[in-house]
Amino acid sequence: MSEDFRTLALLDWLENDLLLTVESFQPASSDASFRRYFRVATPDATMIVMDAPPDKENLPAFIKAANILAGAGVKSPGIFQQNLDDGFLLLEDFGSQPFLDAVAHSNADYLYQLAMDSLFNLQSRADTQTCALPRYDEALLKRELGIFSDWFVSELLDLELSEALVDSVETLLINSALAQPVTFVHRDYHSRNLMLVDDNTLGVLDFQDAVVGPITYDLVSLLRDCYIAWPQPQIEHWLAQYFQRLQAAGLVSGDLRQFSRWFDLMGLQRHLKAIGIFSRLHLRDGKSGYLQDIPRTLDYVQAITATYPELAEFDRFIRQQAQPAYHRFLQTVAVQP
């Protein structure tokens, strides 16, 4: 079904099945997936309608995760109506104030505390034993790391990583991830998926890929965000605060040094995956805007590979081969019409 036909079907569902009087129907946002969002105004309310082709997106997973978030006291969009056969949801409108657009040095502490409050509620209240979410297991971690090798190294840069180096990096990162306490993992808990609903309320979006997995995953997504960077001392301050909170709640044991190592290596896994996804979005899906986020994400990678001696060989690959090759690639992109 083409996008134009889906739009007509969506309007037909709103007007003829739900009997809504649609006064305006405008694109609200899109993301890196196949989902689209529209803002719908009726005489009584403004709402968001999600278009998620059922052959490409999993609406039952979205609904399930939304219920888990709500049960944990985290604000997720209310679901007013659903059409699972066609892949449509009518949702609560959180407005047009993304966290990324609102945050600045003057309010960063306040807004990040709101974000960490919501994350803590998720991690402390969502029951990993009964939520029946998939596990962030070795197979999934390995598959995600392959996105970096396949799409960034091979397809975008036309380079090659030795099998021995890939195995050593994967083993280090996967063992670190699996050693951590498990909790609810949003998987994309960052500034583009958080909305300021009002001055004191944060709404959480894009949670349909939630799993049960490592406790540092969402924290590193938030603090080492692919879309905005903060000074390392600020990140360390927020990290220590959050660790103390987890420790007081009995969600982690051990010391901050161990937790920081988990955080660093989990971040490396996530950032390698993100670089691969940004490359795939450009090469396969024609969404080239994400290329601008690769340099920031590569900086995160280089900071960690330079810190841990066991990553020295991978660090040399990143600095001596991948980074120069990416700069050359950007020059070719710049001269294309």
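The values are calculated or read from the model by the stated rules, or taken from the named source; none is laboratory data. None of these values were measured; they are calculated from a predicted model. Counting neighbours? That spans all protein chains shown, and the Cβs are built from the backbone with ideal geometry, glycine included.
Numbers at a glance
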read-out: Identity of the residue in segment 212-246, among the polar types (S, T, N, Q) and farther than 24 Å from ASP137 by Cα, that ends up farthest from the chain's Cα centre (by Cα); value: GLN244
read-out: Residue ranges of strands (runs of 3 or more DSSP E) in segment 36-103 with at least 2 members under 19 Å from MET195 (Cα atoms) and aromatic (Phe, Trp, Tyr); value: 36-41
read-out: ALA108 touching a strand residue (DSSP E or B) at 6+ places or on another chain (Cβ under 9 Å) and farther than 20 Å from ALA70 by Cα; value: no
read-out: Residue count, segment 217-253 (criterion: under 22 Å from VAL103 (Cα atoms) and either in a loop (DSSP other than H, G, I, E, B) or in contact with a Phe, Trp or Tyr (Cβ under 8 Å, 6 or more places away or on another chain) (or both)); value: 18
read-out: When residues of segment 289-320 are limited to those that are assigned to a helix (DSSP H, G or I), hydroxyl-bearing (Ser, Thr, Tyr) and modelled with pLDDT of 95 or more, the one surrounded by the fewest Cβ atoms within 10 Å (Cβ to Cβ); value: THR305
read-out: Filtered residues of segment 122-146 (kept if part of a helix (DSSP H, G or I) and either without any contact (Cβ under 8 Å) to a residue 12 or more places away in the chain or surrounded by fewer than 18 Cβ atoms within 10 Å (Cβ to Cβ) (or both)); value: SER124, ARG125, GLU138, ALA139, LEU140, LYS142, ARG143, GLY146
read-out: Residue within segment 246-259 that is of a type in the set (A, V, I, L, M), in contact (Cβ under 8 Å) with a residue 24 or more places away in the chain and within 24 Å of VAL166 (Cβ to Cβ) present; value: no
read-out: Near pairs, Cβ below 7 angstrom, 6+ apart or cross-chain, from segment 318-331 (free of Cβ contacts under 8 Å to residues at least 24 places away in the same chain) to any residue that is aliphatic (A, V, I, L, M); value: ILE318/VAL301
read-out: Residue among HIS282, HIS271 that is assigned by TED's automatic domain parsing to the domain that holds ASP167, out of contact with any Gly (no Cβ under 9 Å at 6 or more places or on another chain) and either of a type in the set (Ser, Thr, Tyr) or assigned to a helix (DSSP H, G or I) (or both); value: HIS271
read-out: Out of VAL185, VAL211, VAL197, sole residue that is surrounded by fewer than 18 Cβ atoms within 10 Å (Cβ to Cβ) and touching a strand residue (DSSP E or B) at 6+ places or on another chain (Cβ under 6 Å); value: VAL197
read-out: Residue ID - surrounded by the most Cβ atoms within 10 Å (Cβ to Cβ), chosen from residues in segment 150-164 that are touching a helix residue (DSSP H, G or I) at 6+ places or on another chain (Cβ under 6 Å) and part of a helix (DSSP H, G or I); value: PHE152
